[in-house]
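Chemist: One structure coming up, written as structure tokens, with questions to follow.
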Amino acid sequence: MRKGSFLLTRPNHEPTVNYLFAWAEKVLEISKKKNIFSIDLSKSSANKKQFVSSVKRFRPSFIYLNGHGSLNSVTGFDNKPILSFADNEEITNDCVVYALSCQSAKRLGKSCVSRGARSYLGYNDDFIFVFDEKNENNPSELDQTASYFLDPSNDLCQAVLEGKTSGEAVESSQSAFEQSIIKFSLSDATAEERELLPYLLWDREHQVCLGDSQAKCEFISEEEYNKQRKTKLYILISVLIFFISFIFWRLGFTPQR
Amino acid sequence: MSACKVSSKEIRQLVTERIKTLSSGRKISIGSEGSFSKEELIDHIKIGDKVGEKIVKVQMNYLRSFKTGFLKDDKK
């Protein structure tokens, strides 16, 4: 199994994605604590050009996309697509992908898997969440209502970062949804808790794991990445020196006619 | 005993009544469609547009799950 980096995209141009942005920050903290080499394409950096070049350069083993989605794409900053059906799915080759976005698992996810993604975790219909209006312009972990929806998503990411299989990661997220569903179904649940049930149930039912459920990731640290880069550079310089020496040797020793 | 068929108008009315009980100060985010207060959702249900249809679908999925069971163990 190849070791790779962790790459996430998290735009922040409007209220819904601002929530995803804030919760993805927690995932980033987890990856940094684990000393995983993490590439954070945040805010306006969450665009197709930077996404494609970063995947090619840093070869992530886990790609985590936050943004609006549809059957055909997952978007980045300003709702511009960064991963699209019949366009650049091959970029996910040999990666585990998780898209916290609407519907993308229905067509785009399947296409990514058929073009080499090891697994594609996501939602085959809209991802719906409830939040407290007072936090709309400043989403944070203080929004307990949103956390019932976004914490299970973070559990999935944490499981992948801990080296669990894609199937186990989805299972961990499903369990988190299930815990809230059970808690809010009990007779002592408040009306505020009970009204969340239709949406929690919806998200749990539409979360899927496509591709190899046994796929798991191994990660490199930033030090390992830099070491690999240096080694590649040394090899390149050595090859270059060899060729230059060879050319000089040929010039010097080839008999002239 | 003949089965009672519920019209789509009655379903919309049922969902509207359920949405009315949503706590004030909460909003529901439905992907790229946006975020909606309960008053806005009720308007969308009344119009019967994409957002209205989606919320009806989500609520009916929940209500129907009482028959099939909504815990994972119920489905095994």
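The values are calculated or read from the model by the stated rules, or taken from the named source; none is laboratory data. All figures in this text were calculated on a predicted structure; none of them were measured in a lab. Cβ sites come from the backbone with ideal geometry, for glycine too, and all protein chains shown count toward neighbours.
Chemist: Out of all the residues in the range A:1-25, which are over 12 Å from the mean Cα position of the chain (by Cα) and more than 17 Å from A:Ser101 (Cβ to Cβ)?
Modeler: Scanning the range A:1-25 gives A:Met1, A:Arg2, A:Lys3, A:Gly4, A:Glu25.
Chemist: On the basis of being out of contact with any Asp or Glu (no Cβ under 6 Å at 6 or more places or on another chain), more than 15 Å from A:Ala24 (Cα to Cα) and at pLDDT 95 or above, does A:Asp126 make the cut?
Modeler: yes
Chemist: Among (1) surrounded by fewer than 13 Cβ atoms within 10 Å (Cβ to Cβ); (2) under 20 Å from the mean Cα position of the chain (by Cα), there is one condition A:Thr165 misses while meeting the rest; what is its number?
Modeler: Of (1) surrounded by fewer than 13 Cβ atoms within 10 Å (Cβ to Cβ); (2) under 20 Å from the mean Cα position of the chain (by Cα), only one is false for A:Thr165: (1).
Chemist: So, one more: Report, by residue number, each residue of the range A:94-149 that is within 12 Å of chain B (Cβ to nearest Cβ), touching a residue at least 40 places away in the same chain (Cβ under 8 Å), hydroxyl-bearing (Ser, Thr, Tyr) and within 25 Å of A:Cys217 (Cβ to Cβ).
Modeler: Correct list: A:Tyr123 only.
Chemist: I'm checking my understanding of the structure. Among residues of the range A:168-212 that are surrounded by fewer than 17 Cβ atoms within 10 Å (Cβ to Cβ) and over 28 Å from B:Ser35 (Cβ atoms), which one is farthest from the other protein chains (Cβ to nearest Cβ)?
Modeler: Only one residue tops the list, namely A:Asp212.
Chemist: Something else about it: Taking helices (runs of 4 or more DSSP H) that fall entirely within the range A:150-257, which contain at least 3 residues that are closer than 28 Å to A:Val113 by Cβ and touching a residue at least 12 places away in the same chain (Cβ under 8 Å)?
Modeler: A:166-185, A:197-206
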